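Trainee: Sharing a structure with you now.
The values are calculated or read from the model by the stated rules, or taken from the named source; none is laboratory data. Because the structure is a prediction, the values reported are computed rather than measured. Note that each Cβ is placed from the backbone with ideal geometry, even for glycine, and that neighbours are counted across all protein chains shown. Accessible surface areas use protein heavy atoms only, side chains included; no ligands, DNA or RNA. Shrake-Rupley method; radii C 1.70, N 1.55, O 1.52, S 1.80 Å.
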Amino acid sequence: MDAASKFLRAALDGDYKKARTYLVNDSTNNQMIDIYERDYNNSLPPEDKKAYKTASIRFLKETHEVDDSTTIVHYSNSHKNRPDSLKVVRLNGQWFIDLNFTFQPKDSIPQ
């Protein structure tokens with residue numbers, strides 16, 4: 001949950017440099033976060049950026065462990081209040097977000 005929380009907070013704050021530190025480092029994840037960052041910086045109205053920065057993250061009860069190194073975290077944020085999910089995987093003893101599973105572009109940033 002810690003990696004998910006930190007990743008989501010960084011994304012909601014528009015701090016994509018920090019958000020990248022919580023991602024599985026592969027080409028798909030890097031491409032996806034590039035798209036979210038570009039959309040956030042170039043397309044998101046200032047009032048939405050402000051709303052995301054002040055939004056709280058709500059973890060939902062449906063979160064479950066797939067196995068000892070994979071967890072699916074279900075969440076929403078107080079700005080959009082739309083359920084979504086993240087795949088969190090353990091690699092070399094550390095937890096990372098895997099966007100290959102998680103996000104399909106819906107709108108400008110991870111909700």
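Trainee: Residue pairs, Cβ under 7 Å, 6 or more apart or interchain, first in the range 28-40 and closer than 18 Å to Tyr52 by Cβ, second of a type in the set (Lys, Arg). List them.
Mentor: As it stands, the answer is Ile33/Arg20, since those pairs meet every condition given.
Trainee: In the range 58-74, which residues are within 18 Å of Arg90 (Cβ to Cβ), open to solvent by less than 90 Å² (accessible area, probe 1.4 Å), of a type outside the set (A, V, I, L, M, F, W, C) and touching a residue at least 12 places away in the same chain (Cβ under 8 Å)?
Mentor: Scanning the range 58-74 gives Thr63, Ser69, Thr70, Thr71.
Trainee: Of all residues in the range 1-22, which are surrounded by fewer than 19 Cβ atoms within 10 Å (Cβ to Cβ) and outside any helix (DSSP H, G or I)?
Mentor: Scanning the range 1-22 gives Met1, Gly14, Asp15, Thr21.
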